[in-house]
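The values are calculated or read from the model by the stated rules, or taken from the named source; none is laboratory data. Computed from a predicted structure; not experimentally measured. We place every Cβ from the backbone using ideal geometry, glycine too, and count neighbours over all the protein chains shown.
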């Protein structure tokens, strides 16, 4: 059974620092991994999607890496801003799972202080 | 393009009652998934519908059921509500061949 873990559960950094968020998963037979952002009481916004054959994806200040063999992904956010304050969740789609089925971690709650 | 919308935004029910939650998919999306997110946890997959048929289900009992309509809107029905059903219920829509899912804002259900 796939287990997705995100450590730490919460993180506070001053504005301008780089953020490093970690995600680990127990079963390397994944189809892809996604990073989402969730603002309080809101739905999820997709940030980056990495296919299992890829090592990383970049979008603006965001960079996500994937090491499938070790079951790890890292989301880097450069030069953090107060607007980056949110909960960040990673999710994997298993090779044998239906297209819509994602298995999520519990998230890392990020606070960027001015 | 309109986004994914859900109704109602909040709902309070008592144990044993039944509830129906609604989701309107993003234009052009023919697949919808439903997730349950308990406080402080990540979302858990309930089921997925494609062309009005359920084609994937998570570890949820049969009292969780759904419908998808020809216009690709969807309903989640939960019978015999239990206290543990209190959660944020999210729906997500996408085109069948795409990986990216677009989530609605959710319905927060409280069972007393």
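Please pick out the residue among A:65, A:52, A:98 that is away from chain B (no Cβ under 11 Å), closer than 18 Å to residue A:2 by Cα and surrounded by 15 or more Cβ atoms within 10 Å (Cβ to Cβ).
A:52 is the lone residue from the list that is away from chain B (no Cβ under 11 Å), closer than 18 Å to residue A:2 by Cα and surrounded by 15 or more Cβ atoms within 10 Å (Cβ to Cβ).
Any residue at all in segment B:46-56 that is in a loop (DSSP other than H, G, I, E, B) and within 13 Å of the chain's Cα centre (by Cα)?
Within segment B:46-56, none of the residues are in a loop (DSSP other than H, G, I, E, B) and within 13 Å of the chain's Cα centre (by Cα).
Residue B:66 - would you say it is more than 9 Å from chain A (Cβ to nearest Cβ) and over 18 Å from residue A:42 (Cα atoms)?
yes
For segment B:98-112, which positions are in a loop (DSSP other than H, G, I, E, B), modelled with pLDDT of 95 or more and within 8 Å of chain A (Cβ to nearest Cβ)?
B:106
Under 7 Å between Cβ atoms, which residue pairs at least 6 apart in sequence (or on different chains) link something in segment A:17-45 that is without any contact (Cβ under 8 Å) to a residue 12 or more places away in the chain with a partner that is assigned to a loop (DSSP other than H, G, I, E, B) and surrounded by 22 or more Cβ atoms within 10 Å (Cβ to Cβ)?
Qualifying pairs under 7 Å: A:43/B:104; A:43/B:106.
I'd like to verify a number: residues in segment A:75-91 that are farther than 17 Å from residue A:109 by Cβ and under 10 Å from the mean Cα position of the chain (by Cα), how many?
So the count comes out to 1.
Out of all the residues in segment B:73-97, which are within 12 Å of chain A (Cβ to nearest Cβ), part of a loop (DSSP other than H, G, I, E, B) and touching a strand residue (DSSP E or B) at 6+ places or on another chain (Cβ under 9 Å)?
Passing the criteria: B:95, B:96.
Here are A:88, A:31, A:76: which of them is out of contact with any helix residue (DSSP H, G or I) (no Cβ under 6 Å at 6 or more places or on another chain) and buried (at least 20 other Cβ atoms within 10 Å of the Cβ)?
Going through A:88, A:31, A:76 in turn, the sole match is A:88.
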